[in-house]
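Below is one structure, written out as structure tokens, with a few remarks after it.
The values are calculated or read from the model by the stated rules, or taken from the named source; none is laboratory data. Just so it is clear, the model here is predicted, and its values are computed rather than measured. A quick note on method: Cβ atoms are made from the backbone with ideal geometry, for glycine too, and the neighbour counts reach across all protein chains shown.
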Amino acid sequence: MSGTNAASGANGEAQTRVLIADDQEMVRTGFRLILGAQPDLEVVGEAADGAACVELARRLRPDVCLVDIRMPKLDGLEVTRALAGPGVSDPLRVVVVTTFDQDDYVHTALRNGACGFLLKDAATNLLIEAVRSAARGDALVSPAVTVRLLKHLAGQQPAPAAPSPLSERERDVTRLVAVGRTNQEICDELYLSLGTVKTHLANIKDKLGVRNRVEIAAWAWDTGTVRERQAPSA
């Protein structure tokens with residue numbers, strides 16, 4: 001896994017190694033300054049186009065790649081597929097940087113293996129947490145991004161003929177993930193402990209054969225699970 005390449009900071013703790021890819025120098029500089037100011041994050045490379053990003057990522061094996069969608073040579077969709085797609089034997093963790101007018105692009109990025117989505121004008125704390133979440137093997141998607149970018153999947157595919165592999169409680173958790181709820185918010189809405197929610201999420205990922213909560217959300221929208229009822233069961 002890419003996490004094995006983590007460097008050690010001044011305090012001896014492992015640092016998350018980040019690669020930034022964006023064709024705008026000002027954006028790369030801003031991200032580098034924000035991330036580099038964190039003691040647990042280290043920017044190990046920058047790329048101004050998609051081809052350079054793929055080459056650097058394969059050579060440096062960063063823990064997280066922060067990739068803009070619109071770049072020359074290779075766009076962020078192709079970069080994501082090259083680094084994290086279904087055919088990649090040792091995928092890297094890719095967080096896609098997008099804007100609100102790129103819904104279809106982000107849908108494709110999701111299918112190509114992206115583990116998180118970040119708005120280009122996101123607050124500093126969200127940028128930092130998105131990188132940290134990806135490094136942990138999780139995914140951070142703000143509720144606004146989740147609902148807008150995944151809701152358009154609703155109705156595009158029919159519900160599966162086979163019964164769902166999930167239990168009723170797991171479906172409740174899945175529906176809340178699909179509308180952007182955090183683990184703590186799921187705890188509060190379903191009156192569950194944090195440990196129980198994490199166990200449900202692990203079981204859901206195992207049963208669905210997905211890697212993170214972004215893919216759980218996509219499954220929920222694809223199959224119509226998110227629309228089954230207005231509120232989770234008690």
Residue by residue through the range 46-74, note down the ones that are surrounded by fewer than 19 Cβ atoms within 10 Å (Cβ to Cβ) and not aliphatic (A, V, I, L, M). Asp49, Glu55, Arg58, Arg59, Arg61, Arg70, Pro72, Lys73
Can we say Leu176 is of a type in the set (A, V, I, L, M), outside the structural domain of Met71 (by TED's automatic domain parsing) and modelled with pLDDT of 80 or more? yes
Under 6 Å between Cβ atoms, at least 6 apart or on separate chains: pull out the pairs that start in the range 22-43 with a residue that is under 26 Å from Lys73 (Cβ atoms) and end on any residue that is of a type in the set (D, E, K, R) and in a helix (DSSP H, G or I). Asp22/Arg28; Val43/Arg32
Checking Phe100 against (1) modelled with pLDDT under 70; (2) under 23 Å from Asp22 (Cα atoms); (3) buried (at least 18 other Cβ atoms within 10 Å of the Cβ), only one condition comes out false. Which one? (3)
If you go through the range 43-69 one residue at a time, how many are over 18 Å from Leu33 (Cβ atoms) and in a loop (DSSP other than H, G, I, E, B)? 4
All-but-one check, Phe117 against (1) buried (at least 18 other Cβ atoms within 10 Å of the Cβ); (2) over 10 Å from the mean Cα position of the chain (by Cα); (3) modelled with pLDDT of 75 or more, failing number (2)
